[in-house]
Amino acid sequence: MSSLSLYGHPFSSYTWKALIPLYANDTAFEFRMVDDEHPEHAEVVQQASPQGKFPVLADGEVLIFEATSIIEYLAVHYPGPHMLIPSSPDAATAVRTLDRVFDNYVMNIMQNAVGEALRHPGAPDEAVLGEVRASLRRSYAWLEHWLEHYALRNEDRITLIECAAAPSLFYADWVEEITEDFPRLKAWRAHLNTLPPVARCIEDARPYRPYFPLGAPDRD
């Protein structure tokens, strides 16, 4: 039996980020749902990190929080056919940089809109939503240019970049649709969604779509 357990929720973008490398490398683990029906799981998460947020990876008695740190840990201790972090220091730096781009300039920006909708159900501040959408489009423009030079964009390889990009772009598109103004980014998001580990996350999260506070579109 594997000593690995992942605490999270199937609808959580950062849980997806940690699940994708586990699925991609066929790493044996137990998924432990964090919800009202499993208070013992929530207790582990509350104790693991400063703000009690998931995902949390447990490897025996070792607890790792933050999705990026989980992936770094998996890359070292549970390597598989997909090399999550390149062996070259310069290539690894580039991959880690893009990981931060997707977390900070896509995922976290998108979550500002979700937070606003949760704070003001049915009446979010349109000025706040407008700022979020404008910021996302600026990030989309940068990524559109970056994709012109990203050598792995048409391959099924999964690195830290894909682990960060897939959930970020999936949910960001729900807040500000990635239109034909960004053809490379739109096509790459569609490609990421077809990767088996990502598709599995999408399907496992499908029952929870009604909870998305801004309304989940039907296009995915």
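Worth pointing out:
- Residue count for region 56-108 satisfying the condition of being within 24 Å of Glu176 (Cα to Cα) and either in contact with a Cys (Cβ under 7 Å, 6 or more places away or on another chain) or at pLDDT below 95 (or both): 0.
- Screening the candidates Pro55, Pro81, Pro167 for the property of being in contact with a Gly (Cβ under 7 Å, 6 or more places away or on another chain) and either in contact (Cβ under 8 Å) with a residue 40 or more places away in the chain or exposed (fewer than 13 other Cβ atoms within 10 Å of the Cβ) (or both) yields one hit, Pro55.
- Within region 181-200, the set of residues being hydrophobic (A, V, I, L, M, F, W, C) and over 30 Å from Ala123 (Cα atoms) comprises Leu185, Ala187, Trp188, Ala190, Leu192, Leu195, Val198, Ala199.
- Selection within region 5-58 - charged (D, E, K, R), under 26 Å from Leu195 (Cα atoms) and in contact with a helix residue (DSSP H, G or I) (Cβ under 9 Å, 6 or more places away or on another chain): Lys17, Arg32
- Scanning region 164-205 for residues that are more than 18 Å from Trp142 (Cβ to Cβ) and among the β-branched types (Val, Ile, Thr) turns up Thr194, Val198, Ile202.
- Where strands (runs of 3 or more DSSP E) sit wholly within region 1-119, those with at least 1 residues that are farther than 19 Å from Ala166 by Cα and acidic (Asp, Glu) occupy 30-33, 56-59.
The values are calculated or read from the model by the stated rules, or taken from the named source; none is laboratory data. Computed from a prediction, not measured in an experiment: that's the story for all the values here. Cβ atoms come from the backbone with ideal geometry, glycine included; neighbour counts cover every protein chain shown.
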